[in-house]
Amino acid sequence: MPKLKWLSQRREQWFSRRHPSQNSAQTLKYDRIYILPSGFGYAFTFTALLVLIGAINYQLSLAYLFAFTLLGLGHAILLRTFRNLLKLRLQLFDAPAVFAGETAYFPLQLNNPNRLAKRAIYFYFKQKIKPLALECGVIERDAHLSIPLLSQRRGWLLAPTLHLSSHYPMGLCHAWSYLNSTARCLVWPHPEIDPPPWAPSLGGGHTAQIGMGEEDFAGLRPYTPSDSLRRIAWKQAAHSETLPVKFFDAEGLSPQVFNWDQLNELDSEARLSRLVAWILAAEQMGVPYGLALPHMQIDAAKGAAHQISCLNALALFE
């Protein structure tokens, strides 16, 4: 076991030296491309060698011609498969933020400096679970792809090693290479499904449940269990998959501060999920909201930039 661990460490050191992580574009050179026959390629080679042995044994000119034709064809295919990756220029960028459990898409920029088009190249991240592979059919000059990676937990998701491979043109050989990048993606906590409504602050330490005001009509919002049935907009509900509820100017439009300490009955991850759900609901309703976390306070506001700032704070909470 110690020897296997030592061999694994040496392999990782060798791999890191050959494929270092970079945030700039990388070009696939001769020493960064690996190639071997595929299963079909081994069978093809074995058949060609059998024909050659038969030609030598029986001194058949046509058998010699056939054997060397097969071997020459195999050699030409090997070179074409290798050139299909050679000098390809790649750069991986940071992925837009996603919620935990969603798929992050890392932008990949490809550049082919040669006149010979690159064809049938597969890209996927190396990971323990079954990878999501993406095929790029033809790369004439430039191409832009989005490589999928499933997120599992909140925080920074570092892009693992990107694996690219090709069996073009006939599947006799398998050429592959790797790309290590510093690209990453911020993963927000997954919002709680069907969270309980918060108690909006009305000033002076008083609270009231959403849906108690009776002033000017302000719009529609999603239904919550505390809403009265007479507030449901039945006409709009007939054309919607969710129940829209009427809300008025007096309903919870005072600034709300979602406090970490008010959720003591939940564990840390459950608190984060509920706070995320409340932030999304408040933003949808147009209610100004803030966030009170241990060692951090975000003043009440609204808008896309403010929402992202709050979600980022929850994603990086420790």
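Round to the nearest 0.05 the FRET efficiency obtained for F68 and L116 when R0 = 30 Å and r is the Cβ-Cβ distance. Please list the in-between numbers first.
Numbers: r = 26 Å, r/R0 = 0.87.
In this case the efficiency is close to 0.70.
Could you pull out the longest piece of the chain with no exposed loop trypsin sites (Lys or Arg not before Pro) in it, calling a site exposed if DSSP puts it outside H, G, I, E, B and it has at most 14 other Cβ atoms within 10 Å?
Numbers: sites that count: K29, R115, K126, K128, R141, R153.
Of all site-free stretches, the longest is 154-318.
Here the accessible area of segment 1-126 is 63 percent carbon and sulfur, with a 1.4 angstrom probe and all protein chains present. Counting only protein heavy atoms and a 1.4 Å probe, segment 101-167 has 55 square angstrom of accessible area per residue.
With n ≥ 4 as the cut-off for DSSP H runs, can you work out [θ] at 222 nm for the chain, using -39500 (n - 2.57) per run divided by the number of residues, rounded to the nearest 500? Don't skip to the end; give the middle numbers.
Numbers: 6 runs with 94 residues, N = 318.
The helix-only estimate for the chain comes to -10000 deg cm²/dmol at 222 nm.
Straight-line cross-link partners of K118 among the lysines, defined as a Cα under 25 Å from its Cα and at least 8 positions apart when in the same chain: K29, K87, K126. Accessible surface of D267, taken over heavy atoms with a 1.4 Å probe and every protein chain present, rounds to 100 Å².
Of interest is the spacing of the C-alpha centroids, which for segment 267-285 and segment 93-122 amounts to 32 Å.
Remark: spin-label model distance E140-E269 equals 4.8 nm, labels positioned 7 Å along the Cα→Cβ axis. The modelled label-to-label distance between W6 and L79, using points 7 Å beyond Cα along the C-beta direction, is 4.3 nm.
Per-residue accessible area (protein heavy atoms, 1.4 Å probe) orders I56, I139, I35, I129 as I56, I129, I35, I139, starting from the largest.
Taking the charge dipole of segment 1-87 about its Cα centre, with +1 at Lys and Arg Cβ atoms and -1 at Asp and Glu Cβ atoms, the residue from Y58, W14, T47 reaching farthest to the positive side is W14. Between F93, F68, F82, the Gaussian network model of the chain with springs among Cα atoms under 10 angstrom shows the greatest mean-square fluctuation at F68.
Give me the net charge for the shell around R271: Cβ to Cβ below 15 angstrom, other residues only, Lys and Arg +1, Asp and Glu -1.
Details: positive: R154, R274; negative: E192, D261, E265, D267, E269, E318.
Summing Lys and Arg as +1 and Asp and Glu as -1 gives -4.
Simple point charges give the picture: +1 on the Cβ of Lys and Arg, -1 on the Cβ of Asp and Glu, and for segment 229-318 a dipole about the Cα centre of about 520 debye. The solvent-accessible area of H306, taken with every protein chain present and a 1.4 Å probe, is close to 30 Å².
Taking Lys and Arg as +1 and Asp and Glu as -1, the other residues whose beta-carbon sits under 13 Å from that of L90 total +4.
In terms of solvent-accessible area of protein heavy atoms at a 1.4 angstrom probe, what is the ranking of L62, L90, L280, highest value first? Could the numbers behind the result be given before it?
Values: L62 140, L90 0, L280 50 Å².
Correct descending sequence by accessible area is L62, L280, L90.
In whole Å, what is the distance between the alpha-carbon centres of segment 9-23 and segment 52-72? Value for the Cα centre distance between the two parts: 44 Å.
The values are calculated or read from the model by the stated rules, or taken from the named source; none is laboratory data. Keep in mind it's a predicted model, so treat the numbers as computed, not measured. As a convention, Cβ positions derive from the backbone with ideal geometry for all residues, glycine included, and neighbour counts pool all protein chains shown. Only protein heavy atoms, including side chains, enter the accessible area calculation; ligands, DNA and RNA are left aside. Shrake-Rupley method; radii C 1.70, N 1.55, O 1.52, S 1.80 Å.
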